[in-house]
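Data first, discussion second: the structure below is written as structure tokens.
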Amino acid sequence: MTSVLDLAPVIPVVVLDDAADAVPLARALVAGGLPAIEITLRTPAAPAAIRAIADDVPGAVVGAGTVLTPETVDASVAAGARFLVSPGWTDTLLTAMRGSGLPFLPGVSTASEVLGLLERGVTDMKFFPAQAAGGVPYLRSLASPLPRARFCPTGGIDAARAPEYLALPNVGCVGGTWMVPGDAVRERRWDTVEKLAREAAALGGLTRGR
């Protein structure tokens with residue numbers, strides 16, 4: 001698989017309470033142009049949701065988010081995840097993610113954490129929590145001294161903030177929840193999700209000249 005950072009300009013970060021919503025939600029996101037979908041392991045429904053998307057939505061590239069331990073790595077692989085995302089990293093977690101054979105985005109929020117991953121041969125990372133950790137100015141300041149690092153900023157990013165992040169040379173994509181609003185998911189308004197996904201996907205075209 002190509003780098004997770006190159007699948008789409010935006011990765012929807014999804015929290016699902018009911019695995020039955022996984023397939024129609026994923027189909028709406030894919031129809032809107034967002035094939036990479038991160039299902040966070042924050043609810044009991046998450047593994048079943050990942051499995052359902054992996055089995056029934058061919059256009060989706062479903063990943064597991066909030067991966068915190070080797071055990072959650074194993075559970076994600078067993079569920080059919082095609083990439084892994086963590087909010088941070090330790091050597092133990094990094095070893096497990098690397099051993100899974102899947103692409104992964106370990107989380108960082110400081111230059112030292114970025115250096116630690118670069119030393120270990122990892123160049124694709126999640127920058128989290130993006131807004132709280134310094135946002136666009138912080139990432140811009142890392143581009144020159146750490147040009148090999150590429151990021152998926154996540155945390156506090158919405159449709160208004162996303163273009164500024166995507167314009168940075170060291171940002172491949174952003175993660176966000178704005179195209180999967182809680183009320184639309186609860187009310188199963190998949191047409192709304194598809195519309196918001198299409199608008200999010202279009203953000204990539206606005207920043208191609210960066």
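The values are calculated or read from the model by the stated rules, or taken from the named source; none is laboratory data. Please read these numbers as outputs of a predicted model, since none were measured by experiment. Positions of Cβ are backbone-derived with ideal geometry, glycine not excepted, and every protein chain shown enters the neighbour counts.
Only one residue in L203, L168, L196 is under 19 Å from the mean Cα position of the chain (by Cα) and either at pLDDT below 95 or at positive phi (or both). Which one?
Sole residue among the options that is under 19 Å from the mean Cα position of the chain (by Cα) and either at pLDDT below 95 or at positive phi (or both): L203.
Among the residues of segment 101-118, is any over 30 Å from P137 (Cβ atoms), touching a helix residue (DSSP H, G or I) at 6+ places or on another chain (Cβ under 6 Å) and touching a residue at least 24 places away in the same chain (Cβ under 8 Å)?
Within segment 101-118, none of the residues are over 30 Å from P137 (Cβ atoms), touching a helix residue (DSSP H, G or I) at 6+ places or on another chain (Cβ under 6 Å) and touching a residue at least 24 places away in the same chain (Cβ under 8 Å).
Would you check which residues across segment 43-80 are part of a loop (DSSP other than H, G, I, E, B) and either closer than 30 Å to E119 by Cα or touching a Phe, Trp or Tyr at 6+ places or on another chain (Cβ under 7 Å) (or both) and list them?
If we filter segment 43-80 for residues that are part of a loop (DSSP other than H, G, I, E, B), which is where we start, we get 43-45, 57-60, 66-69, 80.
Passing the criteria: T66, V67, L68, T69, G80.
Mind checking which residues of segment 1-30 are at pLDDT 95 or above, surrounded by 18 or more Cβ atoms within 10 Å (Cβ to Cβ) and among the small types (G, A, S)?
A19, A22, A26, A28
Of all residues being acidic (D, E) and in a helix (DSSP H, G or I) in segment 81-128, which is nearest to L166 (Cα to Cα)? Just the residue, please.
Among those that are acidic (D, E) and in a helix (DSSP H, G or I), it is E113.
Mind listing whichever residues of segment 81-95 are of a type in the set (G, A, S) and buried (at least 21 other Cβ atoms within 10 Å of the Cβ)?
Passing the criteria: A81, S86.
For segment 16-34, indicate whether the set of residues that are under 21 Å from P87 (Cα atoms) and of a type in the set (A, V, I, L, M, F, W, C) is non-empty.
yes
Any residue that is touching a helix residue (DSSP H, G or I) at 6+ places or on another chain (Cβ under 9 Å), of a type in the set (A, V, I, L, M), modelled with pLDDT of 95 or more and not in a helix (DSSP H, G or I) - is there at least one of those in segment 134-144?
no
Given the criterion modelled with pLDDT of 95 or more and loosely packed, with under 15 Cβ neighbours inside 10 Å, identify the matching residue among A149, A78, A49. Step through it out loud before you land on a result.
On the way: A149 fails: loosely packed, with under 15 Cβ neighbours inside 10 Å; A49 fails: loosely packed, with under 15 Cβ neighbours inside 10 Å.
Matching residue, one of A149, A78, A49: A78.
Give segment 148-165 a look and list any residue that's within 10 Å of the chain's Cα centre (by Cα) and part of a loop (DSSP other than H, G, I, E, B), or say none.
none
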